[in-house]
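Since the structure comes first, as structure tokens, the remarks are kept for the end.
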Amino acid sequence: MDKSQITTLLKAHASGDNEAMEQLMPLVYSEMRRMAHGRLVGERPDHTYSATALVHEAYLKLVDFDRVDWKNRNHFFGIASQIMRNILVDYATKQKAQKRGGDRDRITLGEEHIKKEINLADIISIDHALTKLVELDERQARVVECRFFGGLTIQETADTLGISKPTVSRDWKVARAWLNRELGAEG
């Protein structure tokens, strides 16, 4: 993937070139699909969101961002992580509203450090806790968003947020501990 070409197309789109986003899709599709797949690993086979559907919905929302001053590809993937989070939270909220009791669906979010089954109702709890974390430490919240909802690696998160790998690792460790305490208090 040509990082400079992605940045050039993002800046062209921000300057009003509507065709730039069409040219961008083939360049970012596989990375977005990897991110989405990481969010849906272990999901039941009949789950209505496939990685492809999540990528397409996220991309359609990204295309609608006409006035974003895209800084670079990392900025793009950071925003993509936020959008995927919102899509999954919206989905979980709708599922929770449709299901009143009974067996709860399970979804696996994360990578090797967070391979843990999370039910759909818990996604909403995580989202609420993450909103609280933003008030305490916005950078830690962004690290969690990139890692947990975006499926980015430590290096990708560092690149996206413009911070060092050790800072990402520390923030990730502290934020996970805080979230575990916060979620334990809610449960």
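Computed from the coordinates by the stated procedures, all read-outs in this text should not be read as laboratory data. Just so you know, these numbers come straight off a predicted model, no measurement behind them. Virtual Cβ from ideal backbone geometry, glycine too; neighbours counted across all protein chains shown.
Across the stretch 125-135, coupling constants 3J(HN,Hα) worked out from phi with the 6.51/-1.76/1.60 Karplus curve, θ = phi - 60°, read 4, 4, 4, 5, 5, 5, 5, 5, 5, 4, 5 Hz, and Gly and Pro carry x.
Ranked by the mean number of other Cβ atoms within 10 Å of their residues, highest first, the peptides 78-86, 163-171, 55-63 come out as 78-86, 55-63, 163-171.
With each label modelled as a point 7 angstrom along the Cα→C-beta vector, the Arg139-Gln23 pair spans 3.6 nm. Measuring r between the beta carbons of Asn86 and Ser4 and using R0 = 25 Å, the FRET efficiency lands at 0.30. Beyond 22 Å in Cα-Cα separation lie the following of the pairs Lys132/Lys173; Lys3/Lys165; Lys3/Lys132; Lys71/Lys94; Lys132/Lys165; Lys61/Lys132: Lys3/Lys132; Lys71/Lys94; Lys132/Lys165; Lys61/Lys132.
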